[in-house]
Every structure is written in C-alpha cells, then in structure tokens.
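Encoded as structure tokens, the structure appears first; notes follow it.
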Amino acid sequence: MTRDRDLAGRPRNARPRDALGRPLARGGAAAGEPGVPDDLALAGADAAALADQLLRAGRPFHAHEVLEASWKLGPARERDLWQGLAQVAVGLTHAHRGNARGAAALLRRGAQRVRAYQVQATSLPDRDHPYGIEIEAFLAASDDLAARIEGHGLGGIPAADLRPGLITARG
C-alpha cells in the first residue's frame, strides 16, 4: 500500500479519524472528525489557545497535534514546554481510549518535561504562565489524574477530569 503524500512528497495521512485520532476505514460511511492541518503554523499564545479549546472539548489527540507543531516551530528554549504539554495530551488520549497504563506513563513523562522547562526558564518572567498557560494547575491536574489511574484504573474517573484546560478561564 502506498502512503499519502503532499505535493512536496512528505508523507501525510489522509484517512479520516475519529474524535480520539483513531484512523477510520478509507471510503467508509463515516466522514470522521475535522483534523489539524499537516501544515499548521501556530505557536505561542495562538497555539496555547487552540490546544486549550481542543482539550476542553475532549479532543486531546488533536490538541497533541497543535502542541507538536508548536515545539517544531517555537524557540529551542521552549522545546521542553511544548513537548511536555504534547505528551500530557497523548496521555489524555490514552485515557480516553481506555489504556490506563499508557495514560499514566505519558501524563507523568509530560509533566516531568514541563518541569524541566520551568527549571531552565528560571530567568524568564512568565515561566509559570507562558502564553497564558497555567502550568502549575495543569501539572497538578496531570499528577493527580496519573495517581488516580495508577491506584484505581480508569473506572470512576469523571469525564470532566479527562478534559483539563491549559488556560484559566477569564471572566
């Protein structure tokens, strides 16, 4: 089977996906969920806002794609921030899909990477709130969720706990 490719020859996956990023059958009746464009070029506050919106909507796979694009586009000093946030989003994807072990592992790994960013960014005035991201609240939610999953599995985890926000709602 040949891979989908864009005009420049880069591999792309044109298969429709469900809300959790799982590929659907080609040419099937289901149209799939709107995805994140392969050439997305968001960074900073715009990326954080879109990822926040997707996480709150229960679409962590798509939030991961936004965050992944940001780590590739953003400055090197922010790499751990964006990679860690993307890993937490993948952990949430695993939780939504029912994979407790993968969820806990990636929630912890992502939080650890974001903390590495905080250590490296000690001289930055916004290291705890870059682009409006509430790092401490997000990491606390990730740590708490990982501990509950490790202790009791995914059963009993409220759906709202699998939809954490990155940015505190202003109102």
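What follows is calculated from the coordinates using simple rules that are stated; it is not laboratory data. Given the structure is predicted, the values throughout are model-derived calculations rather than measurements. Every residue, glycine as well, gets a Cβ built from its backbone with ideal geometry; the counts of neighbours run over all protein chains shown.
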Problem - Where labels lie 7 Å past Cα in the beta-carbon direction, separation of Leu73 and Asp144 in nm - result: 3.2
Exercise for the section: Count the net charge of all other residues whose Cβ sits under 15 Å from the Cβ of Pro130, scoring Lys and Arg as +1 and Asp and Glu as -1. Expected result: -3
Exercise for the section: Work out the charge dipole of region 35-124 with +1 on the Cβ of Lys and Arg and -1 on the Cβ of Asp and Glu about the Cα centre, then indicate which of Ala51, Ala111, Ala76 is farthest towards its positive end. Expected result: Ala111
Practice task
Using a/c under 1.5 as the rounded threshold, could you call region 53-150 rounded, prolate or oblate? The axes a ≥ b ≥ c are square roots of the C-alpha gyration tensor eigenvalues, and prolate needs a/b larger than b/c, oblate otherwise.
Solution key: prolate
Problem - Contour excess over end-to-end distance, with Cα ends at His152 and Thr168 and 0.36 nm allotted per residue - result: 3.0 nm
Problem - Protection proxy ranking of 146-154, 124-132, 74-82 - average other beta-carbon atoms within 10 Å, highest first - result: 74-82, 146-154, 124-132
